[in-house]
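The values are calculated or read from the model by the stated rules, or taken from the named source; none is laboratory data. Computed from a predicted model, the values in this text were never measured in an experiment. Note that we place each Cβ from the backbone using ideal geometry, even for glycine, and neighbour counts take in every protein chain shown. We work out accessible area using only protein heavy atoms, side chains counted, and drop any ligands, DNA or RNA first. Shrake-Rupley method; radii C 1.70, N 1.55, O 1.52, S 1.80 Å.
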Amino acid sequence: MNAIVSLVHFCEVDGPSVIFCTQAFHANSVEDISDELSVSSGGKSPSTGQTHSDSSKELLSNKKEYSVNTNRPAPASCASCAFSLPPLDSLSDAKTIHNSEIKGFKTRDEENPLVTYKGTRYPQDQQLYAAVRQACVRSLSCEFCQGREGPVLFGDDKNGYVLSYMFKIKDSQARGSQRWYSFTFLMTDRVYLVESWPFLVSKFRALATSIQSRANQIFEKENATKEEKNDGTFLTRSGPLSPTSPDQFLRRRANQPLRSLVDLLRSKDFFVQLHANFSWILKACGMRLQEKHLNDQTLFSNSVVFSSKTIMLLDPVATYKFPPSDFNCLEETRIEDLKALYNILGLDVFRKLILNFVMGNQLVIKGNDPKIVQSVISILKDLVPSECCSIMENENNYQTISKCNILGLNATAQIPNDVNKSTLCLLYISRDCNKSSKDKAMTNAFEFNLQYGIDDKDNKRIYSAPNSFINQLIGILKLNLPSEIMNTRIMIFKEQWSSKAKQFLIFITKSNNEGGNALANMESTKQKEFIKYIDINENDLPIIKFWIGCLKTA
Amino acid sequence: MSHSEDEYSLHTSHIGNDVSEDPVQDHRPRLLIMGLRRSGKSSIQKVVFHKMAANETLFLESTNKIIKENITSFIDFQVWDFPGQIDYFDTATYDSDVIFGEYGALIFVIDAQDDYIEALNRLHQTVLRAHEKNKNLTFEVFIHKVDALSDEFKIDTQRDIQQRTTDELADVGLENVPLSFYLTSIYDHSIFEAFSKVIQKLIPQLPTLENLLNILCANSGIEKAFLFDVNSKIYIATDSSPVDMQTYEICSDMIDVIIDISEIYGRTTSFHQINDELYGDDQTQVETNGKAGNYGTTTDTANDAASLIKLNNGMVLCLRGVNRFLALVCLLRSDNFEKHGLIDYNFQCFKQAIAEVFELKRRSAERLRHEGMRLSGDVNEGG
């Protein structure tokens, strides 16, 4: 993902100006440092993902020099649009690029050593600078957002596409007591940007709101002190701004630049935080669509309906982190899909496992081969809405249900005795070493053991109810469909049930709002009618309730 | 006069390719208000077109984008308020052909209380480049914020600025570019007067209107007559006798008085529809520029607003509504006001003549619109 996040400001003296921007560098492309992020490279992504090298450390040091040897003209020294750093000792995780003068921050991605995030006043690359500058001017002095504060998206192929979130903050010294700022997110891929819109807007909004509330507090404080000075009588109309005559007021500040954000917000490490936020946004935004994309891949493996192919190409990290080829070569040690799992476990164990899981009990998968455990987890997690599962794939110790409801444990880990065994279902699964892995009948290649949890086996009536979740699911699995269609069918099945859950949620909240306790009896008959109508077996209500709980909190 | 703030539409954002659907609207004359930051552009615009109190303008925030405003009145025009910080001649970012290409006037505001050398440089650049883009643009220089300057200093400043500007323009061979200079301040009527003169240049019917006013004055014993735009208090025409600032002020104050009174007593808030008859000579004392006077308002129908204020010095102020936007305010001696009938008759004739003048304009506009529609229809068929 090529993107650059920046904070821009409509400066009282200089007009629109860039204050600070953060961009990600992928270390596996040496000579492309500038090209990679240069928007002028158009839709073509840096195809350097495949040739990732291990020599990233030296490259990093190379880049350090690069960022110092810049031929950018000295930025205007207007205080209101300058960015400044706190004293060095207060910096912990961000490392300053520090040579003759401080130019910015560099943050290394701990999870991915190939990526660094650099925060500077301007991007180093000329073309990129032009694009950022253009975005800045346009977002602050051309584009208009309904309500004046909020997001807009604009751009073209030449200068890239920009999502700009405009906001104003209070400043008692500014004209009209407020100043305009905007976060801009510049990238070449319009589709990606539009896809990221909800994410980016929510993050920018949160960031802007926090800045605004901070500024508001200070604004109130400053006003209060000014009012005290003015005896309070003077303030009926002219407000706290004019202890002197209008002319003096104008004269006094006409040629004084306004305070920088650091002073305005009185937070010394404002730009450090901003950089951290920007870096996180860049990273998270990159991760976000990547994940979605891979979900698609498992769902429609090898199918051509790949709408987001460009997105895949854009990000070398994606190919590095999750090489798809991995899955193919490991085929023999993993369980491919739900049907395979069903075949391995057999009806009863499978039933119990699924039932416990979809009702919200914790599933603990233990095994000596983490790959198998992982594959079981990845199969099972698709059975419920993504909000309903929190996963820990490979742990050495037991984690409580509040932390995750699917837990992958290694074989030696023990379940503590004080854990409530009725809310927990333990599956031990591993490859049977006695049998040959080449045995084509995969069903025999595993040994397994299921413990704890609840079971409905004894209740014949419920057990055989045709419309229950579990029986419907098994019905699908028995259909003997090709695996792709099967996967699609299961996904649709899941969607059906989550839509039932949503309907039920709406029903409950509605009836809760309308009637009090007095109507409880009537409500319950109503509820029975309703679940009958949307075709839920009464015994599946725990499932629905669990899903509702997750959907609500999500 | 109705204001439609363009600020809240997407229109503003498409500076690059501003294609209006309505050809008539697109060819409205433009008033481009430019100048350095903090020179008072937005204040002028707010005071003149939004009736903002002058001391409230202190709290305006700085303008960060071009604020376009459509003024629909006797003539339709647009006011564009530019942010002072941005160079709109930068061809990489802005399409200056679109911005400066239309018929209109460029108002350049100079802060007279500040050091104006920088402003003059900018003015010079602006005139140079805007003239290059559009030869028909007229340039008006507002030497602004002169309220704090002494009269002598005002004149000196104006002379100095005028001298420097014309010299510099002469150096680059632009002697014949029409530049007008005005001393303005939002704290008195000078800004309205200056705007009046700017807008008068944009009215093609001006000679006709002036001629009509001359005839009216000569035949009714009127000392001075102004044709006002009621909402902005800009006068769009006056007779050919010299304009005395005090006369202008008192006439424009009269409009305020009438609007205020009609807001209180009128059946609707509109000044044009005063149906209540007011006999309150003794009850209401109106202070206008220190002269106490009494007034009476009598009107019957919408465009027949009329009012009289007798001044202490033997003069009579007389207001008559002309149409939705315009009102005629005249100053005449009370001796001449004896002949009520004659004056009323003359008013009627004048009103009719004005109506005819603007009818012609309306028709041509309509024709233009039809042509435009046909044109766009053709395009639709073709596409």
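Some observations on this one:
- The mean number of Cβ atoms from other chains found within 10 Å of a Cβ in peptide B:60-71 is 4, as a whole number.
- Dipole magnitude of the range A:162-220 about its Cα centre (Cβ charges: Lys, Arg +1; Asp, Glu -1), debye to nearest 20: 180
- The protection proxy used here, the mean number of other Cβ atoms lying within 10 Å of each residue, ranks peptides A:492-503, B:219-230 as follows, highest first: B:219-230, A:492-503.
- Delta accessible area of at least 50 Å² on complex formation, residues of the range B:75-109, 1.4 Å probe, chain isolated as reference: B:Gln85
- The range A:174-233 and the range B:89-141 have their alpha-carbon centroids 33 Å apart.
- Among the listed pairs A:Lys421/A:Lys532; B:Lys46/B:Lys135; A:Lys352/A:Lys500; A:Lys510/A:Lys552, those beyond 26 Å (Cα-Cα): A:Lys421/A:Lys532; B:Lys46/B:Lys135
- Across B:Glu338, B:Glu359, A:Glu220, B:Glu69, the residue with the most accessible area heads the list, and the full order at a 1.4 Å probe is B:Glu338, A:Glu220, B:Glu359, B:Glu69.
- Distance between modelled label sites at A:Arg266 and A:Ser422, nm, 7 Å Cα→Cβ extension: 5.6
- Taking every residue in B:136-147 and counting other chain Cβ atoms within 10 Å of its Cβ, the average works out to 0.
- Estimated buried accessible area (total), pair B and A, 1.4 Å, Å² to nearest 100: 3000
- Probe 1.4 Å - accessible area at A:Phe25, Å² to nearest ten: 10
- The residues of the range A:1-26 listed by number as losing at least 20 Å² of accessible area in the complex, against the isolated chain and with a 1.4 Å probe, are A:Phe10, A:Glu12, A:Val13.
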